[in-house]
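Everything on this sheet refers to the single structure shown next.
The values are calculated or read from the model by the stated rules, or taken from the named source; none is laboratory data. Everything numeric in this text was worked out from a predicted model, so none of it was measured. Because the Cβ atoms are built from the backbone with ideal geometry, glycine has one as well, and the counts that use them run over all protein chains shown.
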Amino acid sequence: MKTAKIELHLHLDGSLNLKWAYYKALQREVIPEKETFEEFYDRVFAINGSHSALSITKFDLMCDLLQYREDLFDATYDLARRLYEMGIVYAEIRFASQHHCKKGLSQYDAVKAVVDGAKKAMEDYPIKIGIINCLMHKGDSAAFNYKENLETITASEELYKHGLVGLDLAGFENNCEYSEYAPLFKIAKEKGFRYTLHAGEMGSGAHILDALAMEPERIGHGINCIQDDRYIEALLERDMPLEVCVTSNIKTTMNYASHPVRKMLERGLKVTLNTDNMVFSKSNLINEHYQLKMLGVSDDTLMKCTYNALDAAFCDEDTKEYLRKII
Ligand SMILES: [Zn+2]
């Protein structure tokens, strides 16, 4: 049975149409002019580990070809269209505006381009889209890109609740003390932003406690909560929604059967199912649901995950009411 689905955790730069990305990379001279599509494909998938030092190169490559307003607009529009065609009724697409300012765009320009691309897609297709702007966890201290992260917050203010629905902390959670990012999210909280935080994905489950102290409304991944009951209890206590991205995780150290998602569901955690990166994970939300079904997760439980996502979505109440009717 085809059911309407909700995607809360999807990175724009990791979910481009690869053929489009190839022609764009040629046009924008990001790759050599003689590079074939096959060579480009190999470049994108050269390293399978999704969190090695080299994997950031894949994201850098995709971000490098998204440095112009029209390209950000087109990429977002196209992603929204493909999501609609898959039966997704609401999606939150995230990106980091600070990675799209190499050719003269301001962070605000980048956010505006993505928000406008999503708006146009919503005019043309019956899908609802919210945009999330990511602060980046990189460098060996939060000071490394503090200025850019602060700018991400301020550049998001004008479009917040006008296409932009929230903020995130993405990147390499092990690079420095997680809690170094707390002051930035204190500012975000004071400005009224809703936000989610990547935590307990590639790093220790203890980061989940650091993240919870920063008062997010959701946690990105959070799968390493299974390292310690204290982490699970802390999440249960807050009924904290978790954006679980199974295929994205199994690229590294586990397979579908050994992924903690089933344990998390058994413990009663508020799991939502998501894709993370359609290109790098070679997956989409239909596949994420399918893989869990193959592991014996019931239709009722999968539906519960969709309702969890609806509850946890950053969209306004009118949109939620509309979604409740069509799911
Ligand atoms: Zn992510």
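Checking each residue in the stretch 241-289 for being among the aliphatic types (A, V, I, L, M), away from the ligand (no atom under 15 Å from the Cβ) and in a loop (DSSP other than H, G, I, E, B) picks out Met254, Ala257, Leu269. Being buried (at least 19 other Cβ atoms within 10 Å of the Cβ), closer than 30 Å to Phe45 by Cα and under 15 Å from the mean Cα position of the chain (by Cα), is that true of even one residue in the stretch 287-306? There is at least one residue in the stretch 287-306 that is buried (at least 19 other Cβ atoms within 10 Å of the Cβ), closer than 30 Å to Phe45 by Cα and under 15 Å from the mean Cα position of the chain (by Cα).
Of the residues making up the stretch 222-240, just one is within 16 Å of the ligand (Cβ to nearest atom) and surrounded by fewer than 24 Cβ atoms within 10 Å (Cβ to Cβ), namely Asn224. In the set (1) farther than 22 Å from Glu7 by Cβ; (2) at pLDDT 95 or above; (3) among the aliphatic types (A, V, I, L, M), Ala257 fails one condition alone, (2). Annotation note: of Lys325, Lys270, the sole residue that is out of contact with any strand residue (DSSP E or B) (no Cβ under 9 Å at 6 or more places or on another chain) and of a type in the set (D, E, K, R) is Lys325. Within the stretch 60-71, residues that are under 14 Å from Arg43 (Cα atoms) reach partners that are of a type in the set (Asp, Glu) and modelled with pLDDT of 95 or more with beta carbons closer than 6 Å, at six or more positions or on different chains, in the pairs Met62/Asp13.
As a summary of the residue check, Thr247 satisfies the conditions (1) free of Cβ contacts under 8 Å to residues at least 40 places away in the same chain; (2) under 28 Å from Ser204 (Cβ atoms) except for the one numbered (1). In this entry, Glu215 passes the filter for residues that are modelled with pLDDT of 95 or more, assigned to a loop (DSSP other than H, G, I, E, B), more than 16 Å from the ligand (Cβ to nearest atom) and among the acidic types (Asp, Glu). For Ser156, the requirement of being polar (S, T, N, Q), without any contact (Cβ under 8 Å) to a residue 40 or more places away in the chain and touching a helix residue (DSSP H, G or I) at 6+ places or on another chain (Cβ under 7 Å) is not met.
Among the residues that make up the stretch 102-122, is at least one of them assigned to a strand (DSSP E or B), more than 16 Å from the ligand (Cβ to nearest atom) and crowded, with 24+ Cβ neighbours inside 10 Å? No, the conditions are met nowhere in the stretch 102-122. Counted as qualifying within the stretch 18-88 are no helices (runs of 4 or more DSSP H), as none has 3 or more residues that are modelled with pLDDT of 95 or more, among the hydroxyl-bearing types (Ser, Thr, Tyr) and surrounded by fewer than 16 Cβ atoms within 10 Å (Cβ to Cβ).
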